[in-house]
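Read-outs: derived from the displayed coordinates by stated rules, not from any lab. On a predicted model such as this, the values are computed, not experimentally measured, just so you know. Here the Cβ is made from the backbone with ideal geometry for all residues, glycine too, and neighbour counts use every protein chain on show.
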Amino acid sequence: MNTMMYVSYCQKTASLGYRGAMDIHVEYEPGLAGEPEPAVVWFGSRRLTVHAILDRWYGSGRSWWKLQTDDGSYVLRRDDDSGSWELAAVPRS
């Protein structure tokens, strides 16, 4: 099975109180109805495979995904107009 993978590049983000900007890159596959579904998240040079999409929700012009990765859970936000991604939250377990 040949699966298409797309990469979306984000601007640097300093969300969640990090002390410096970090590049976030998201590799995604088309999901239901062709919507982008994150498959791999890069925080700088660190690659995290997405094992599961735990939740997703949609707002006005933005979409969110709660992901289970190699390193725990993360919430990513995507701007629907620009296609840019950013780290929205790091849920505590």
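Some points to look at:
- Of all residues in segment 37-91, those being outside any strand (DSSP E or B), more than 11 Å from His25 (Cα to Cα) and either touching a Ser or Thr at 6+ places or on another chain (Cβ under 9 Å) or not charged (D, E, K, R) (or both) number 8.
- Residue in segment 47-69 that is surrounded by the fewest Cβ atoms within 10 Å (Cβ to Cβ), counting only those that are more than 18 Å from Ala88 (Cβ to Cβ) and not β-branched (Val, Ile, Thr): His51
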